[in-house]
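**Q** What follows is a single structure, and I will ask about it in a moment.
The values are calculated or read from the model by the stated rules, or taken from the named source; none is laboratory data. Please read all numbers here as calculations on a predicted model, not as lab measurements. Positions of Cβ are generated from backbone atoms using ideal geometry, with glycine treated the same way; all protein chains shown enter the neighbour counts. For the accessible areas, the whole protein counts, side chains as well, though only heavy atoms, and no ligand, DNA or RNA atoms are used. Shrake-Rupley method; radii C 1.70, N 1.55, O 1.52, S 1.80 Å.
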2 protein chains.
Amino acid sequence: MTRSIADIMRDRDRLLGPGVSTFYDDPVHIVRGEGVWLWDAEGRKYLDCYNNVPVVGHCNPRVVEAICRQAGTLNTHTRYLHEGILDYVDKLTGTMDASLEAAAMTCTGSEANDIALRMAEGMTGKRGIVATDATYHGNTALVSQLGRSNPPSVGFGLGQYFRFVEAPDSYRRPDPDGQTFAAAVETEIAAHEAEGHGFAALVICPYFLNEGFPQNADGWLKPVAEVVRRAGGLLICDEVQSGFGRTGTHMWAHQKMGVVPDIVTMGKPMGNGHPVGGVVTRAEILGTFRRGYRYFNTFGGNPVSCAAAMAVLKEIEDKDLVAHAGRVGEHARQRLFALLDKYEVIGDVRGSGLIFGAEMVLDREDKTPATEFTDRVINAMRHRGIIHSKLGRHKNTLKIRPPLPFSIENADLLFDTLDEVLAETSVHA
Amino acid sequence: MTRSIADIMRDRDRLLGPGVSTFYDDPVHIVRGEGVWLWDAEGRKYLDCYNNVPVVGHCNPRVVEAICRQAGTLNTHTRYLHEGILDYVDKLTGTMDASLEAAAMTCTGSEANDIALRMAEGMTGKRGIVATDATYHGNTALVSQLGRSNPPSVGFGLGQYFRFVEAPDSYRRPDPDGQTFAAAVETEIAAHEAEGHGFAALVICPYFLNEGFPQNADGWLKPVAEVVRRAGGLLICDEVQSGFGRTGTHMWAHQKMGVVPDIVTMGKPMGNGHPVGGVVTRAEILGTFRRGYRYFNTFGGNPVSCAAAMAVLKEIEDKDLVAHAGRVGEHARQRLFALLDKYEVIGDVRGSGLIFGAEMVLDREDKTPATEFTDRVINAMRHRGIIHSKLGRHKNTLKIRPPLPFSIENADLLFDTLDEVLAETSVHA
């Protein structure tokens, strides 16, 4: 029954259409997962240093059990009453500021951000959105405009409502107190107002994961939040990647960055891979949105999704995974700094908790991105059974973002292997 | 642990925000489901004559087993190779015309329609969309414009791209060969062209379920498909409700209506409640879309979703549920016609397979909608343990759309009870 890799690639083209992206020069055919480990069809084991969706580990028994139990009991929608969604939203909102009191549940982070932008339009009567120029917030017609890859001809003319500020970059353009970023956002807000769209919202990942997780100090978002409020707009924090304890210091990165957003969106790790997303906000904002759109989501907040999501929250709490992520992340950065002392090609080491990585440069003076080298390293690591990836504007930053149960021992295997690969890989191809 | 209904309602307002809709004057607190049966928190049993999402029955053992097995083995995304999505799409596309050869998988029908409209924009370079004036195609910023409930102030100005034709209505405005409908669509296409948007697509449910499932003859969509093609637009058939054998004669309602769409979208029943949706189309259309948008959906097509969806297809096939739906639906309509002979308030009986119902009127001459009466009937049925709903422009049509394993015996219980309720309910309040 098992196809060869070549047959799988051929069938992907035939059945999924041309141009479906894969990871690695030799894509991996994964068939099994457990905790921080993945196995391919030939039985080879990989250490997963990349996947944030299985936040409490691949096939986490508590989550799997919750899904199975609820799927075998009842799965229906929120037009019938069910306590699962109430217990979950109560617990979820309990992890945030008291003003973030209510939630709409969706199936994806994209749906969550699509709602959030409409909430901002509904609350402000304006349409101008500001984001960074190296971000991604999802795949609907509306929120896909927040990525920069769409040509202006597609997207029903929505591009006009989006303006972009240069993404923060602690390595190349230090902005220690966030004032430069705040001023840049202020400029784009003024441009929206001059164009007649007005200003509805700033939407950002509070730890800027797609932007390369710059080493911003705690509280760094306070100035920009001030600018947003002064302009009468909403602050939307997209915690799809940065939330659920990823940074190892707080449950939510906006807490680390010292702000209370108007709207928090979430997705990926929320159900450990089960399709669930959500928007947490003030009841007033939710009410305005529901009145404007009469929103209903068939699968959103169904009992199985809520059971999966509740198991994730409980697992994070019971296993103390936020503090664990902090401890292991600290160890990992120490190992990375040791590699920085050893290899000229490492220009910068950054991160917090279990999102961390190193920026690769051809020379430390000019900080010329070592993009191709980074690619070779990632492919070499994959062939040694270590899965991670790269990101950032220059695609030269190792992106390491494992499931939270990732251990000190796992980190040591990762960096022992990286040490070998860096020693063997030529900086110039 | 179990809250009272009053406490649940209070917590819904508090935690989900104001204005979350429920069914019935006395909302039902469902805790368990099996096949065509639901149970509330007090142990009361209900016959489910409404829910199409659990298409192969609530908690179908084959689907639950598939979800549990795969959730305990691996759940990851399509940037790694996995055969689950290939086997599924191969089987799914095998149920359609050869031109409908490839698929993009999503988590919801809304995401599927959001993609479909952008595919049409990408293929035609135009933005004008035509739909009926009594439809619903989902909840994203883009596709929510296809419902008529949005005020023009919300939705990022997308409303300009949508024009609506009067929904077909076989009872009040017969259009036996679909020529009137085709001409109406042609008029709206011309209006889009005059306004400068051009014409991108007609999007319709081929059995018009939200519109009240008019009794259109097989092949009824041929004239409008001709109009769409002549105008250079795409025909998008939204099979979210009408697909997967619902009509009891064909797997897909577009087949019943005699057309091969350019794009088919699906959702709700696809995973029997597990969040999965999809778009089936030509490889050329999929390729154009992927190039334009670099679309990726984190949860879309994951191994668990594919396992759930595959189990649904196999269950429909192995249990011969399309033919079963045809047989039971035929019996149900005979029972409904008997009630039509007995009760003046029933003005029309319609449907195919396991989507059927009766339109309630105050008088058969003027066909004045008996909207409030219909509401009382539905609430009375709920109190007798029968769950169904109403729909249509006048909200006076009983909507009966049970899981496909619904039996002749189930239908008899439904209509015996409906007979009692109609006998006891006063037409005038």
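**Q** Of the numbered conditions (1) closer than 12 Å to residue A:104 by Cα; (2) modelled with pLDDT of 95 or more, residue A:305 satisfies every one except a single condition; which is it?
**A** Going through the list (1) closer than 12 Å to residue A:104 by Cα; (2) modelled with pLDDT of 95 or more, residue A:305 breaks only (1).
**Q** Any residue in the range A:125-143 that is in contact (Cβ under 8 Å) with a residue 12 or more places away in the chain, buried (at least 20 other Cβ atoms within 10 Å of the Cβ), within 14 Å of chain B (Cβ to nearest Cβ) and not in a loop (DSSP other than H, G, I, E, B)?
**A** yes
**Q** Of the residues that make up the range A:147-158, is at least one at positive phi, without any contact (Cβ under 8 Å) to a residue 24 or more places away in the chain, within 14 Å of chain B (Cβ to nearest Cβ) and surrounded by fewer than 16 Cβ atoms within 10 Å (Cβ to Cβ)?
**A** no
**Q** Of the conditions (1) hydrophobic (A, V, I, L, M, F, W, C); (2) touching a Gly at 6+ places or on another chain (Cβ under 9 Å); (3) at the interface with chain B (Cβ under 8 Å from one of its Cβ atoms); (4) open to solvent by 20 Å² or more (accessible area, probe 1.4 Å), residue A:296 clears all except one; give me its number.
**A** Only one criterion in (1) hydrophobic (A, V, I, L, M, F, W, C); (2) touching a Gly at 6+ places or on another chain (Cβ under 9 Å); (3) at the interface with chain B (Cβ under 8 Å from one of its Cβ atoms); (4) open to solvent by 20 Å² or more (accessible area, probe 1.4 Å) is unmet by residue A:296, namely (2).
**Q** Got a number for residues in the range A:310-352 being more than 21 Å from residue A:420 (Cα to Cα) and open to solvent by 50 Å² or more (accessible area, probe 1.4 Å)?
**A** Count: 7.
Yes or no, residue by residue, for (1) under 17 Å from residue B:51 (Cα atoms); (2) more than 12 Å from chain A (Cβ to nearest Cβ):
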| site | (1), (2) |
| --- | --- |
| B:262 | no, yes |
| B:271 | yes, no |
| B:282 | no, no |
| B:321 | yes, yes |
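**Q** Taking strands (runs of 3 or more DSSP E) that do not extend beyond the range A:1-73, which have at least 1 residues that are touching a Phe, Trp or Tyr at 6+ places or on another chain (Cβ under 8 Å) and of a type in the set (Lys, Arg)?
**A** A:30-34, A:45-48
**Q** So which of A:10, A:44, A:14 ends up being open to solvent by 70 Å² or more (accessible area, probe 1.4 Å) and touching a residue at least 40 places away in the same chain (Cβ under 8 Å)?
**A** A:44
**Q** Next up: Which of the residues belonging to the range A:331-352 are touching a residue at least 60 places away in the same chain (Cβ under 8 Å), closer than 16 Å to residue A:408 by Cα and not small (Gly, Ala, Ser)?
**A** A:331, A:335, A:336
**Q** Kindly check whether there is at least one residue in the range B:91-108 that is open to solvent by 20 Å² or more (accessible area, probe 1.4 Å), at pLDDT 95 or above, at the interface with chain A (Cβ under 8 Å from one of its Cβ atoms) and out of contact with any His (no Cβ under 6 Å at 6 or more places or on another chain).
**A** Yes, the range B:91-108 contains at least one residue that is open to solvent by 20 Å² or more (accessible area, probe 1.4 Å), at pLDDT 95 or above, at the interface with chain A (Cβ under 8 Å from one of its Cβ atoms) and out of contact with any His (no Cβ under 6 Å at 6 or more places or on another chain).
**Q** Right, another one. What's the number of the condition residue A:84 fails, among (1) more than 23 Å from the chain's Cα centre (by Cα); (2) more than 30 Å from residue B:51 (Cα to Cα); (3) more than 9 Å from every other protein chain (Cβ to nearest Cβ)?
**A** (2)
**Q** Consider residue B:54 against the criteria (1) closer than 16 Å to residue A:78 by Cα; (2) open to solvent by 10 Å² or more (accessible area, probe 1.4 Å); (3) of a type outside the set (Gly, Ala, Ser); (4) facing another protein chain (nearest Cβ under 8 Å): it satisfies all of them except one. Which criterion is unmet?
**A** Of the numbered conditions (1) closer than 16 Å to residue A:78 by Cα; (2) open to solvent by 10 Å² or more (accessible area, probe 1.4 Å); (3) of a type outside the set (Gly, Ala, Ser); (4) facing another protein chain (nearest Cβ under 8 Å), the odd one out for residue B:54 is (2).
**Q** Also: The conditions are (1) among the aliphatic types (A, V, I, L, M); (2) within 23 Å of the chain's Cα centre (by Cα); (3) facing chain A (nearest Cβ under 8 Å), and residue B:31 fails exactly one of them. Which is it?
**A** Going through (1) among the aliphatic types (A, V, I, L, M); (2) within 23 Å of the chain's Cα centre (by Cα); (3) facing chain A (nearest Cβ under 8 Å) one by one, residue B:31 breaks only (2).
**Q** With respect to residue A:232, is the statement that it is farther than 24 Å from residue A:398 by Cβ and within 14 Å of chain B (Cβ to nearest Cβ) true?
**A** no
**Q** Another one. Identify all residues within the range A:281-291 that are in contact with a Pro (Cβ under 8 Å, 6 or more places away or on another chain), of a type outside the set (D, E, K, R) and open to solvent by 10 Å² or more (accessible area, probe 1.4 Å); write none if there are none.
**A** Selection gives A:283 alone.
**Q** While we're looking at this one, here's another question. How many residues are closer than 30 Å to residue A:382 by Cα and among the hydroxyl-bearing types (Ser, Thr, Tyr) when one looks only at the range B:67-119?
**A** Adding up the residues that qualify gives 6.
**Q** Which ones in the range A:57-90 are open to solvent by 10 Å² or more (accessible area, probe 1.4 Å) and on the phi > 0 side of the Ramachandran plot?
**A** A:59
**Q** Please verify whether the range A:205-214 includes one or more residues that are of a type in the set (S, T, N, Q) and surrounded by 18 or more Cβ atoms within 10 Å (Cβ to Cβ).
**A** Scanning the range A:205-214, I find at least one residue that is of a type in the set (S, T, N, Q) and surrounded by 18 or more Cβ atoms within 10 Å (Cβ to Cβ), so the answer is yes.
**Q** Report whether or not residue A:249 is open to solvent by 10 Å² or more (accessible area, probe 1.4 Å), of a type in the set (Val, Ile, Thr) and not in a helix (DSSP H, G or I).
**A** When the stated conditions are applied, residue A:249 passes them.
**Q** Given the criteria under 17 Å from residue B:268 (Cβ atoms) and of a type in the set (D, E, K, R), does residue B:26 qualify?
**A** no
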